[in-house]
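Novice: Structure below; questions to follow.
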Amino acid sequence: MDAKDIAPGTSVPLPAAEKTPFYYIEKPVTENRVDHLLRAFAAVLEFTDYKALLDSYCTSSAKCNRCAVSCPVYMVSGDPRDIPCYRTNILLEIYKRYFTIGGAIKARLSNGFELTEEVIDDMLEVFYRCTACRRCTQSCPMGVDHGLVTRLGRYILSLIGIVPKALQVSVREQLEGETHNTSKVPKEALLDTLGFLSDELNDMVGVKMEFPVDRSDRDYVFFCAVSDYLMEPDTLMGNAAVLYAAGDWDKWTIGTTNYDGINYGLFYSDWHLENIIKQLLAEVTRLRGKNILIGECGHASRSAHDFVPVFGGPTAQPVVSFIEYTLRCLREGRIKLDPNIITERVTYHDPCNVARSGWIVDQPREILRSFVPNFVDMTPKGQDNYCCGGGGGLVSIDEIHDYRMRIGGKVKADQLAKTGADIVIAPCANCKKQLKELVEYYELPCRVMGLHDLILRAIEIPGGKTPAERKEEAALMEM
Amino acid sequence: MNIEQWIDFAKGPLFALTFMIMALGLARHIVIQVYELVTEKGRRLTAAPWRKILNDAASWVVPVKQIMKGTPFFSSVSYLFHIGVIVVPVFLANHIVLWEKTLGIDLPSISPGWADFLTLFTLACVLVLLGFRIFGSRQRSMSRRIDYVLLVLIFLPFATGFLASHPSFNPFRWEVMMLVHLLSAELLFVVIPFTKLAHIVLFGFDRLSAVHWQLRPGAGDKVADALFGKEARV
């Protein structure tokens, strides 16, 4: 491919995308997409406040390409369209050409950028090849936040109907459906699951814990990614075990009107982001809860932590991540983790949404080091970590599984293999799903778990079986 | 006009005019940014994590950690290049006279030896950066015409300034060299506010992404109302 053909802002031939779209779209707009997109962009500029950011970025972006080497997608694909600055530039070019005076004048004088159907096809794909992990933002000398621009690009696309069906259907159920959650888990099924978890815990640790449901005036109202109720019972039992062992069993509750922490609005839409946050706040207010406790999930934690104050105002309830809560209990000596239980080599994957900002990096490591003798870190880690390849909602889009395995997650798979770990801890519903698929795809000799799955094995439960007894029982069961 | 008069013109009125264009152009960027931030973000500005923003920005002043990641050679050259383009034009002894005469500012000057070294070093850096743009496939794929042009525009005043102040290396008439030096620098002044070189002031605003993540409450609703009316929007 000649360099001229891939200059930023110009369209590139998309042989694959023309045959099959990158992802399924429910009701794609087929006519006049250019007009629709410009109308949507104009509305966004009128009512939101992205203008200052676009003005600044579109003048000063230096095209230095430092972002390229930090991008785990580009590292594998080598496709210039995956360079974060290329993707950002598409949106900046549209803004410059159609919404600034300078751009309008320039367009009269020369054959500059023009928004065409091909550019929209390009956007449709490149904005969803990015996992919105924001690693590039850290390497940009200007500080251009490619993650934020990608999100804005997706937002504008969503306003003309271009949004992966998988995300749209889930969000519709969450905001307008009867169950108010992305996995369509009805209240009855939730209660069944909680009963099942309670029985399992009883068998495992020998203590009956009835999950507190719809209790008012509790310290914590608990929200996890709702899919955890279907797919991650060990994480939830681990959460419960910590709350019970810490003596906080009568201080928390799960609401039955809304129990989903997932917020896909973080990935593609301001409107959805705000309304899902409001729905979550309504439930906490209904139960008169004092804090919002978010289970193991990267984007759920970030969307609540960062956007409850934005949309709920200064009086909104504080958001606590379950990892922070567990560490506090550990430091206060309210829970004890047996250091002789976990003999496997364990590593930790930082979910981008909580680690990139530096919010949750050391806390899980402090917890793990306290009871895992054979703990090993990946390189790079923490704020510098590589995305699992399923970020930005990509993991929920089944039709791009092949892309997520071969390109998005390749760097992570290599990184995992290098640690030689038996267990990789990923405290995030999205990362867990993606990493499990990666482990299977690349046949890596390790298991993917949540942080509290591991804690469940080593935590001492007052009045229950000891961790050593439980380990023995589990070994017998496996034989 | 003879060439001496041209030089006087370039040093006097033209310098004042082009410097003014640069100053006003950059001020315009600052005013627009501050205005947009204050009117659009309003009270949400106070909610932004300013300490973190400042810490992040400060980490780029001496970006050892950042330079070592990914592209150490390119980043080092780029960083050192910035030292040259800031220090030489501002603190060169001959320029200080100019600042004092036209702007009334008295600045300390660097020694001629340092000035020569930094000038040649900056020129070398420009050539390396140009080399990256031309021969690095990744960079070439992203480069616009202006990215090459700007490097040449920066190269010119440095090269001509060096030749003008070192007659033994200068194959041309001093006056010609001096005039080209003045005009090329003034061209750069004019270009700065209209190109990516405006990052002289905009880099500070680019770093405010944490502020921009403080989205405007209710805006999503208004956008949807404007586009779809009150229909279903999920």
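Coordinate-derived values only; no laboratory data. Predicted model, so just to flag it, every value in this text is computed and none were measured. Cβ sites come from the backbone with ideal geometry, for glycine too, and all protein chains shown count toward neighbours.
Novice: What full-extension length gain, to one decimal in nm, is calculated for A:Asp219 and A:Asn202 as 0.36 nm per residue of separation minus the Cα-Cα distance? If you can, show how the numbers build up before the last one.
Specialist: On the way: separation 17, 0.36 × 17 = 6.12 nm, distance 2.45 nm.
In short, 3.7 nm is gained.
Novice: Something else: Using r as the Cβ-Cβ distance of B:Met68 and A:Arg334, and R0 as 51 Å, what FRET efficiency do you calculate, to the nearest 0.05? Could you put the intermediate results ahead of the total?
Specialist: Numbers: r = 41 Å, r/R0 = 0.81.
With R0 = 51 Å, the Cβ-Cβ based efficiency is 0.80.
Novice: If the cut-off is 13 Å between C-alpha atoms, which aspartates and glutamates fall inside it for A:Lys465, apart from same-chain ones fewer than 8 positions away?
Specialist: A:Asp203, A:Asp338, A:Glu473
Novice: Here is a further query. Could you tell me which of A:Ile407, B:Ala210, B:Val62 has its Cα farthest along the dipole of the protein assembly as shown towards the positive end, charges placed at Cβ (Lys, Arg +1; Asp, Glu -1), taken about the Cα centre?
Specialist: Highest projection toward the positive end goes to B:Val62.
Novice: If you average the sequence gap of Cα pairs under 8 Å that are 6 or more apart and divide by the length of chain B, what percent do you get for the contact order? Working shown, then result.
Specialist: On the way: 159 pairs, mean separation 73.7, N = 234.
Answer for chain B is 32 percent.
Novice: From the phi of every residue in the stretch A:318-331, what ³J(HN,Hα) in whole Hz does the Karplus formula 6.51 cos²θ - 1.76 cosθ + 1.60 yield, where θ is phi - 60° and glycine or proline is x?
Specialist: Taking θ as phi minus 60°, the curve returns x, 9, 10, 7, 4, 5, 4, 4, 4, 4, 4, 4, 5, 5 Hz for the stretch A:318-331.
Novice: A follow-up question, please. Would you mind computing, in nm to one decimal, how far apart the modelled labels at A:Leu191 and B:Leu187 are, each placed 7 Å from Cα along Cα→Cβ?
Specialist: It is 8.0 nm.
Novice: May I pose another question? Taking θ as phi - 60°, what are the ³J(HN,Hα) couplings along the stretch A:231-243 by the Karplus curve (6.51, -1.76, 1.60), each to the nearest whole Hz, with x for Gly and Pro?
Specialist: Whole-Hz 3J(HN,Hα) from phi for the stretch A:231-243: 10, 10, x, 5, 4, 5, 5, x, 4, 4, 4, 5, 4.
Novice: So which lysines can B:Lys101 reach, going by Cα to Cα under 25 Å and dropping same-chain residues fewer than 8 places off?
Specialist: B:Lys11
Novice: Next up: At most 15 other Cβ atoms within 10 Å and a DSSP loop assignment: could you name the GluC sites (Glu not before Pro) in the stretch A:331-404 that fit?
Specialist: Details: sites: A:Glu332, A:Glu344, A:Glu366, A:Glu399; in loops: A:Glu332, A:Glu344.
Sparse-neighbourhood loop GluC sites (Glu not before Pro): A:Glu332, A:Glu344.
Novice: Would you list, by chain and number, the lysines whose Cα falls below 18 Å from the Cα of B:Lys222, excluding same-chain residues fewer than 8 positions away?
Specialist: A:Lys51, A:Lys278, B:Lys41, B:Lys230
Novice: Specify which residue in the list A:Val163, B:Gln139, B:Ala159 is farthest towards the positive end of the charge dipole of the protein assembly as shown, using unit charges on the beta carbon of Lys, Arg (+1) and Asp, Glu (-1), about the Cα centre.
Specialist: With unit charges placed on the Cβ atoms, the residue in question is B:Ala159.
Novice: For a quick check, take a GNM of chain B with Cα springs below 10 Å and name the residue from B:Ile67, B:Ile21, B:Ile154 with the largest mean-square fluctuation.
Specialist: B:Ile67
Novice: Now for a separate question. Could you sort B:113-119, A:107-113 so that the peptide with the highest average Cβ count within 10 Å comes first and the rest follow in order?
Specialist: Numbers: B:113-119: 16.4, A:107-113: 10.9.
Ranking, from highest mean packing down: B:113-119, A:107-113.
Novice: Here's something else I'd like to know. For A:Cys224, list long-range residues whose amide hydrogen, built 1.01 Å from N in the peptide plane, is under 5 Å from its own amide hydrogen.
Specialist: HN-HN under 5 Å from A:Cys224: A:Gly261, A:Gly295.
Novice: Where does each of A:219-230, A:290-301, A:196-207, A:245-256 land if you order them by average Cβ count within 10 Å, highest first?
Specialist: Values: A:219-230: 23.2, A:290-301: 26.8, A:196-207: 16.1, A:245-256: 18.4.
Sorting A:219-230, A:290-301, A:196-207, A:245-256 by mean packing, highest first, produces A:290-301, A:219-230, A:245-256, A:196-207.
Novice: Another question about this same structure. Report ³J(HN,Hα) in whole Hz for each residue of the stretch B:67-76, in order, from the Karplus equation J = 6.51 cos²θ - 1.76 cosθ + 1.60 where θ = phi - 60°; Gly and Pro get x.
Specialist: Values per residue, Gly and Pro as x: 5, 5, 7, x, 10, x, 5, 4, 5, 5 Hz.
Novice: Given a Förster distance of 45 Å, report the FRET efficiency between A:Lys418 and B:Leu17 from their Cβ-Cβ distance, rounded to the nearest 0.05.
Specialist: Working: r = 60 Å, r/R0 = 1.34.
Here the calculated transfer efficiency is 0.15.
Novice: Describe numerically, in nm with one decimal, the distance between label points set 7 Å from Cα along Cα→Cβ at A:Leu109 and at A:Thr343.
Specialist: Those two pseudo-labels are separated by 7.5 nm.
Novice: Given a Förster distance of 30 angstrom, what is the FRET efficiency for A:Lys165 paired with B:Ile83, based on the Cβ-Cβ distance and rounded to 0.05? Provide the component values of the computation, followed by the final result.
Specialist: Working: r = 52 Å, r/R0 = 1.73.
So the FRET efficiency works out to roughly 0.05.
Novice: Same structure again: Could you check how many percent of all C-alpha pairs in the protein assembly as shown are farther apart than 47 Å? Walk me through the numbers on the way to the answer.
Specialist: Working: 66183 of 253828 pairs.
Within the protein assembly as shown, distances greater than 47 Å cover 26 percent of Cα pairs.
Novice: What does the average come to when, for each residue of peptide A:63-74, you count the partner chain Cβ atoms lying within 10 Å of its Cβ?
Specialist: Details: counts 9, 12, 12, 9, 2, 7, 6, 3, 1, 0, 0, 1.
Per residue, the average neighbour count from other chains is 5.
Novice: Considering only C-alpha atoms, what is the centroid distance from the stretch B:120-178 to the stretch B:43-115, in Å?
Specialist: If we compute the Cα centre of each part, the gap is 19 Å.
Novice: Which value in nm describes the separation of the simple spin-label points at B:Ile3 and A:Val376, placed 7 Å from the Cα toward the beta carbon?
Specialist: With each label placed 7 Å out from Cα toward Cβ, I get 7.1 nm.
Novice: Residue by residue through A:28-37, how many Cβ atoms from other chains fall within 10 Å of the Cβ on average? Don't skip to the end; give the middle numbers.
Specialist: Details: counts 0, 0, 0, 0, 0, 0, 0, 0, 1, 0.
What the average comes to for A:28-37 is 0.
Novice: For peptide B:64-76, compute the average count of partner chain beta-carbon atoms within 10 Å of each residue's beta-carbon.
Specialist: 3
Novice: Next question, about the same structure. Can you give the net charge of the other residues whose Cβ lies under 15 Å from the Cβ of A:Ile342, counting K and R as +1 and D and E as -1? Don't jump to the answer; show the numbers that get you there.
Specialist: Numbers: positive: A:Lys336, A:Arg345, A:Arg365, A:Arg369, A:Arg447, A:Arg457, A:Arg470, A:Lys471; negative: A:Asp234, A:Asp338, A:Glu344, A:Asp422, A:Asp453, A:Glu460, A:Glu472.
Once all neighbours under 15 Å are counted, the net charge is +1.
Novice: Evaluate the charge dipole of the protein assembly as shown about its Cα centre and quote only its size in Debye, nearest 20, assuming +1 on the Cβ of each Lys and Arg and -1 on the Cβ of each Asp and Glu. Each step should come with its number before you reach the end.
Specialist: Working: 76 positive and 80 negative charges, 345 e Å.
Roughly 1660 debye, rounded to the nearest 20.
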